[in-house]
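**Q** Quick one: the structure is below, and I'll ask about it shortly.
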Amino acid sequence: MKLSVAWINELLNKELSADEVADRLTSTGLEVEEREKVEAIPGGLVGVCVGLVLERKPHPNADRLSVCMVDTGEEAPRQIVCGASNVAAGQKVLVALPGATLQPKDGSPLTIKASKIRGEDSAGMICAEDELGLGSSHEGILVLDEHAPIGQSAAEFLHLKSDEILTINITPNRVDGASHLGACRDLVAKAVSEGESWAMPEFPRAFLPLSGPGRGIAPIIEDESGCGRYSGITLRGVQVRESPSQLADRLKSLGIKPQNNVVDVSNYVMYMLGLPLHTFDADKLKGNSIQIRSAFPKETLTTLDEVERELNSQDLVIADAEKAVCLAGVFGGKHSGITGNSSRIFIEAAWFDPVRVRQTAKRHGLHTDASFRFERGCDPSITLTALRVAARLILELGGGEIEGDEVDILSKGLPAPRFVDVDQRYLNRVAGVEIPPNEAAEILSALGFEGAMERHSIWRLKVPGYRPDVSRPADVAEEVLRIYGLDRIPVTGKMALSINTEHSGNEDLSRVRISERLRQNGWNESISLSMHSQELALKTYPSLAEQTASLENPLSKELDTLRPGLLGSMLQNAARNVQQRNLDWRVFEFGRAYLTDGQSFREEERLGLMMSGKALAEHWNSTQKEQGIYELKAWGEDLMRQLGLSPRWSSEHPLPWPGYGWIAYMKEPQAPLLSMGLVDPALLKTMDIKTPIWFLELNRTACAAFKSASKKPFAALPRFPSIQRDLALLAPESLAYAKMETLIRKQGGALLRDCQLFDVYQGKGISEGFRSLAVALTFADPEKTLRDTDADAAIGRILDGLSTLNCRLRDAQ
């Protein structure tokens, strides 16, 4: 938000310097980020003064040049060579002295230097209108009034005024600061807290209602939830033309391009009072009426940027008797806008529901000065003031007259007055210092809160409409403190801190251990936003579509959903790496997933591992190897061991994201602790990724629930030898080894200590539809030396069980 120091001084009738205004505003919470000096004439005509031509004689070496002696108020006259034909002795002129830099209307900056021109000394320049940037004429030098004081600076003589523009940082809750009136209010309150008595700006143009002959346009509020107040007036006979320089220059200093006197006045009033206005060409409104309603399904509107937009039924629009002509509070329509041919004008001043305005602006990708203010909550009580000021300014600048009476409609959508009960003792407790009740009351009154002057220990304050963020006693305390001044609160000799004496927990320790182990093995850590588009959420986790949590007021369509898992955001990072031709990488990320059941929300701590390309960089002494499922599964098993868990593994159950691979679970496969595998190439293609990507996702929250139950007691080293047996099994090709291993461990009983698959073979000598699996079994008894008969009995049970799965010893085929 940009503020003009000169405009603030006009409103307050003060002569504050830019430093004073900046310091006071920053101290009240409207932080000044930038300062820019704006001059009526670029450069401010520094080094240019009034001079008197004492003598003019022809140049001895040039017919078209003159040699002049000019008095500039210094001890001795200056000799200046001049090429203008109208220069004459006795004239008062503007002289640019050596060192002055001129900014001509057309051309580059010109720095004046003392020099010789065709052999004659010239210590300055007698200037024409265009050379000074005052106009476009170059017919001759600018001749001044004979009473112009010799030696007076040009800026002083011409009454040139400079201004300083302050750029302030408007926080989302301080929409009241998005206007010069709001800045003045804070400055007045600050002055009151310092014992000074300043008056708030008054607007004489707003004192009397607007009324005239005839019948103007009659608005109707159909969607009362979207529009709480609608004020308007019709003007006729207005001449749309260029704005006067004073108005145009003020808008340009704030970064606004002047258009015409009607549109410029609406922008001027918005920056002054903080309420966006909209002006319509009333002759283009069919039926001489305006309706504030919701858009019809499939209704279209061509906006001022000449884009035809299909409207949503939740969009609030301004419509005539036939069609929508404006997106309410966001953007005007092309076919109802003001042009040079407009003469009948309708001015709108309204209060629109902030949520509806924000949703419409985001839905259509529009961000305007109007939506910026409306979506934060404008002051509904100021509509008539803004309307009257704008109408009378337009009549002053464009002529015409008022048609009919001003219209002011209130609906049930208008916010009810808000009250906050505040105990004065609470204010002092929050502040940490006793603020005199009368001073706190004066501050609140200056800020527009009603009820603070009542002589009670508990104030019932009416909150002004321009502060929609104030709803609690803490908010009121903040208002008092920001004006009272945090620098006035003494620093005590001690500081109270809340120290957490509890251990940070195993969860944090396990994260640190895992992170260190991954980094030591060549993994890089990434950090991603916890939001992305709903489209990406549905593509990466289609099975969680009903549990996806969407934002009510997203920053953009690309950030409208909280991620249901880490895959989407990590794939976005992968896509950027692939675009930069970084094809060999492995990254991990700790983050949260956000899910909802429609009633409540839950967050889950996750760990994601993603890899692609080769495991090692190219080197003459290393073999290039593509990263794949076995390396990823090794990391999955390692993570489980670090967490002290012994899950079941399965490749038969679907992954929660598009792809194929393995899941690890404790009780139910529908609630996996870990899922890993190859990401579906079809999904990667939609993100323009052509290389295979392997992904592992660990649900750390789910793992934490099993940690306490998975702690293993100390076990002494075995005192008795174990027995090793290898089995060569024939198994159907479609049978998953995980299922076989589960049955082997069950049938092997307590004596079976380990089961490892060490060979897989298909080919010659193996029946079609089968494969050979070589399994190493380890048997042991902690209490005695195991006999071969004990191991044989266990193997017999194992083979009997495997036969139910159509498995048998390979030698027996």
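**Q** Residues being among the basic types (K, R) and either more than 26 Å from R586 (Cα to Cα) or over 19 Å from the mean Cα position of the chain (by Cα) (or both): count how many of those fall in region 526-567.
**A** Within region 526-567, residues that are among the basic types (K, R) and either more than 26 Å from R586 (Cα to Cα) or over 19 Å from the mean Cα position of the chain (by Cα) (or both) number 2.
Table: residues versus (1) under 30 Å from L277 (Cβ atoms); (2) among the aromatic types (F, W, Y); (3) in contact with a Gly (Cβ under 7 Å, 6 or more places away or on another chain).
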{"position": "L384", "(1), (2), (3)": "yes, no, no"}
{"position": "L395", "(1), (2), (3)": "yes, no, no"}
{"position": "G400", "(1), (2), (3)": "yes, no, yes"}
{"position": "P415", "(1), (2), (3)": "yes, no, yes"}
{"position": "V422", "(1), (2), (3)": "no, no, no"}
{"position": "N438", "(1), (2), (3)": "no, no, no"}
{"position": "G485", "(1), (2), (3)": "no, no, no"}
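Table: residues versus (1) more than 60 Å from the chain's Cα centre (by Cα); (2) open to solvent by less than 60 Å² (accessible area, probe 1.4 Å); (3) touching a residue at least 24 places away in the same chain (Cβ under 8 Å).
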site: G47; (1), (2), (3): no, yes, yes
site: L52; (1), (2), (3): no, yes, yes
site: E55; (1), (2), (3): yes, no, yes
site: P58; (1), (2), (3): yes, no, no
site: A62; (1), (2), (3): yes, yes, yes
site: C68; (1), (2), (3): yes, yes, yes
site: P77; (1), (2), (3): yes, no, no
site: A88; (1), (2), (3): yes, yes, yes
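**Q** Continuing with this model, one more query. Any residue at all in region 439-447 that is free of Cβ contacts under 8 Å to residues at least 60 places away in the same chain, open to solvent by 80 Å² or more (accessible area, probe 1.4 Å) and of a type outside the set (D, E)?
**A** No - not one qualifying residue is present in region 439-447.
**Q** Just to be sure before I move on: is Y594 open to solvent by 10 Å² or more (accessible area, probe 1.4 Å), touching a residue at least 24 places away in the same chain (Cβ under 8 Å) and either over 17 Å from G522 (Cβ atoms) or not hydroxyl-bearing (S, T, Y) (or both) in the structure I sent?
**A** Taking the combined requirement at face value, the residue satisfies it.
**Q** Out of everything in region 1-32 that is of a type in the set (G, A, S), touching a residue at least 60 places away in the same chain (Cβ under 8 Å) and not in a helix (DSSP H, G or I), what residue ends up being least open to solvent (accessible area, probe 1.4 Å)?
**A** S4
**Q** Every residue in region 355-371 that is open to solvent by 40 Å² or more (accessible area, probe 1.4 Å) and in contact with a helix residue (DSSP H, G or I) (Cβ under 9 Å, 6 or more places away or on another chain), please.
**A** Listed by number, the residues that qualify are R358, K362, R363, G365, H367, D369.
**Q** Here is a check on your reading of the model: is L802 out of contact with any strand residue (DSSP E or B) (no Cβ under 9 Å at 6 or more places or on another chain), open to solvent by less than 50 Å² (accessible area, probe 1.4 Å) and assigned to a helix (DSSP H, G or I)?
**A** The answer is no for L802.
**Q** Does L583 satisfy being open to solvent by less than 80 Å² (accessible area, probe 1.4 Å) and either assigned to a strand (DSSP E or B) or touching a residue at least 60 places away in the same chain (Cβ under 8 Å) (or both)?
**A** yes
**Q** Oh, and also: Pick out the one residue from E741, E697 that is within 55 Å of the chain's Cα centre (by Cα), within 20 Å of I629 (Cα to Cα) and assigned to a strand (DSSP E or B).
**A** Only one candidate passes the filter, namely E697.
**Q** Next up: Cβ contacts < 9 Å: first residue on the phi > 0 side of the Ramachandran plot and touching a residue at least 12 places away in the same chain (Cβ under 8 Å), restricted to region 117-130; second residue outside any loop (DSSP other than H, G, I, E, B) and open to solvent by 30 Å² or more (accessible area, probe 1.4 Å), any location; separation 6+ or different chain. Result?
**A** The qualifying pairs are R118/L65; G124/R78; G124/Q79.
**Q** Which strands (runs of 3 or more DSSP E) does region 257-365 wholly contain that include 2 or more residues that are closer than 18 Å to G398 by Cβ?
**A** By residue number, 277-281, 345-352.
**Q** Could you identify the single residue in A545, A537 that is of a type in the set (G, A, S), within 20 Å of V679 (Cβ to Cβ) and open to solvent by 10 Å² or more (accessible area, probe 1.4 Å)?
**A** A545
**Q** Please state which one of D63, D121 is at pLDDT below 90, more than 30 Å from D163 (Cβ to Cβ) and outside any loop (DSSP other than H, G, I, E, B).
**A** Exactly one of D63, D121 is at pLDDT below 90, more than 30 Å from D163 (Cβ to Cβ) and outside any loop (DSSP other than H, G, I, E, B), namely D63.
**Q** Considering only region 630-683, state which residues are in a loop (DSSP other than H, G, I, E, B), among the acidic types (D, E) and either modelled with pLDDT under 85 or surrounded by fewer than 16 Cβ atoms within 10 Å (Cβ to Cβ) (or both).
**A** Answer for region 630-683, where residues must be in a loop (DSSP other than H, G, I, E, B), among the acidic types (D, E) and either modelled with pLDDT under 85 or surrounded by fewer than 16 Cβ atoms within 10 Å (Cβ to Cβ) (or both): E652, E668.
**Q** Which of the following residues is touching a residue at least 40 places away in the same chain (Cβ under 8 Å) and open to solvent by 50 Å² or more (accessible area, probe 1.4 Å): R418, R425?
**A** R418
**Q** Among the candidates G337, G377, G333, single out the residue that is in contact with a Cys (Cβ under 8 Å, 6 or more places away or on another chain), open to solvent by less than 20 Å² (accessible area, probe 1.4 Å) and modelled with pLDDT under 95.
**A** None of the others qualify; the one that does is G333.
**Q** Moving on. Tell me which residues, restricted to region 174-223, are open to solvent by 70 Å² or more (accessible area, probe 1.4 Å), touching a helix residue (DSSP H, G or I) at 6+ places or on another chain (Cβ under 8 Å) and not in a loop (DSSP other than H, G, I, E, B).
**A** If the condition is that a residue be open to solvent by 70 Å² or more (accessible area, probe 1.4 Å), touching a helix residue (DSSP H, G or I) at 6+ places or on another chain (Cβ under 8 Å) and not in a loop (DSSP other than H, G, I, E, B), then R205 is the only one that fits.
**Q** Confirm whether S767 is in a loop (DSSP other than H, G, I, E, B), over 28 Å from F720 (Cα atoms) and within 60 Å of the chain's Cα centre (by Cα).
**A** The answer is no for S767.
The values are calculated or read from the model by the stated rules, or taken from the named source; none is laboratory data. Here the structure is a predicted model, which means the values were calculated and not measured. Note that we place each Cβ from the backbone using ideal geometry, even for glycine, and neighbour counts take in every protein chain shown. Calculation scope for accessible area: heavy atoms of the full protein, side chains included, ligands and nucleic acids excluded. Shrake-Rupley method; radii C 1.70, N 1.55, O 1.52, S 1.80 Å.
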